[in-house]
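Student: Quick one: structure below, then a few questions.
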Amino acid sequence: MSTYPLENQIGKLLNERKLMLTFAESCTGGLVGHRITNVPGSSEYYLGSVTAYAYQVKEQLLKVRNQTLTQHGAVSRECVLEMARGVRSALSGGFPLEQILGMSISGIAGPGGGTPEKPVGTVWIGMSAPDGEWAWHFCWQGDRLQNKDSSAEAALQLVVWYLEGKLPPETWSGENLI
């Protein structure tokens, strides 16, 4: 893995590919957007993010279908794909969708909120890109802050790998992340 922070690599790679980045964050609460905007010049390629914690915000701003939330829940493959698609469209800022990469994160950071089917640490990360859509499932074992950090790191790593043309299969579970 490179010694350069992922957020520094992202800007260079997005500019090379002539792409812009958007994020929809739930359990990370804006952490990814914070990391990206720590890089000077990020306004050249980062359009913004939506921190969509409540179902109503997911539905209204990101156009996640109520049926998706009631059938699958916010922490699901279906939801993060709709979130990624929605943020890509909502924050396009007039740019053509073919130039925008949409990412999303939804999960259970803890310490409460887990169920037997979706224990604390369960996270889904979605990607909506000009050439396809993907989602990855993770089950982190840390505390709340560690789970948020791991989720943000995995999302940034997925952006880098996508931009490098090295996207892992959707079965990637976060091994060798750090």
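The values are calculated or read from the model by the stated rules, or taken from the named source; none is laboratory data. Given the structure is predicted, the values throughout are model-derived calculations rather than measurements. Because the Cβ atoms are built from the backbone with ideal geometry, glycine has one as well, and the counts that use them run over all protein chains shown.
Student: Just one of 17, 88 is among the basic types (Lys, Arg) and touching a strand residue (DSSP E or B) at 6+ places or on another chain (Cβ under 7 Å); which is it?
Tutor: Just a single option satisfies the conditions, and that option is 88.
Student: Quick one: residue 96 ticks every box in (1) surrounded by 15 or more Cβ atoms within 10 Å (Cβ to Cβ); (2) out of contact with any helix residue (DSSP H, G or I) (no Cβ under 9 Å at 6 or more places or on another chain) except a single one, so which number is it?
Tutor: (1)
The rows are residues; the columns are (1) modelled with pLDDT of 95 or more; (2) basic (Lys, Arg); (3) in contact with a Gly (Cβ under 9 Å, 6 or more places away or on another chain); (4) closer than 23 Å to residue 118 by Cα.
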position: 137; (1), (2), (3), (4): yes, no, no, yes
position: 142; (1), (2), (3), (4): yes, no, yes, yes
position: 149; (1), (2), (3), (4): yes, no, yes, yes
position: 154; (1), (2), (3), (4): yes, no, yes, yes
position: 162; (1), (2), (3), (4): yes, no, no, no
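Student: Could you check, for segment 25-36, whether at least one of its residues is buried (at least 23 other Cβ atoms within 10 Å of the Cβ), in contact (Cβ under 8 Å) with a residue 40 or more places away in the chain, aliphatic (A, V, I, L, M) and within 18 Å of residue 109 (Cα to Cα)?
Tutor: The answer is yes; a qualifying residue exists.
Student: Let me ask another. If you check residue 49 against the conditions, is it hydroxyl-bearing (Ser, Thr, Tyr) and in contact (Cβ under 8 Å) with a residue 60 or more places away in the chain?
Tutor: no
Student: Go through segment 117-144 and give me each residue that's of a type in the set (S, T, N, Q) and crowded, with 18+ Cβ neighbours inside 10 Å.
Tutor: Of everything in segment 117-144, those that are of a type in the set (S, T, N, Q) and crowded, with 18+ Cβ neighbours inside 10 Å turn out to be 122, 128.
Student: Same structure, new question: Out of the helices (runs of 4 or more DSSP H) lying entirely within segment 31-72, which hold 2 or more residues that are at pLDDT below 95, closer than 25 Å to residue 149 by Cα and within 16 Å of the chain's Cα centre (by Cα)?
Tutor: none
Student: Please go through segment 104-134 and give me each residue that is small (Gly, Ala, Ser), in a loop (DSSP other than H, G, I, E, B) and in contact with a strand residue (DSSP E or B) (Cβ under 9 Å, 6 or more places away or on another chain), ordered by number.
Tutor: 109, 114, 121
Student: Can you name the condition, by its number, that residue 147 falls short on among (1) surrounded by fewer than 23 Cβ atoms within 10 Å (Cβ to Cβ); (2) in a helix (DSSP H, G or I); (3) touching a residue at least 12 places away in the same chain (Cβ under 8 Å)?
Tutor: Against the list (1) surrounded by fewer than 23 Cβ atoms within 10 Å (Cβ to Cβ); (2) in a helix (DSSP H, G or I); (3) touching a residue at least 12 places away in the same chain (Cβ under 8 Å), residue 147 comes up short only on (1).
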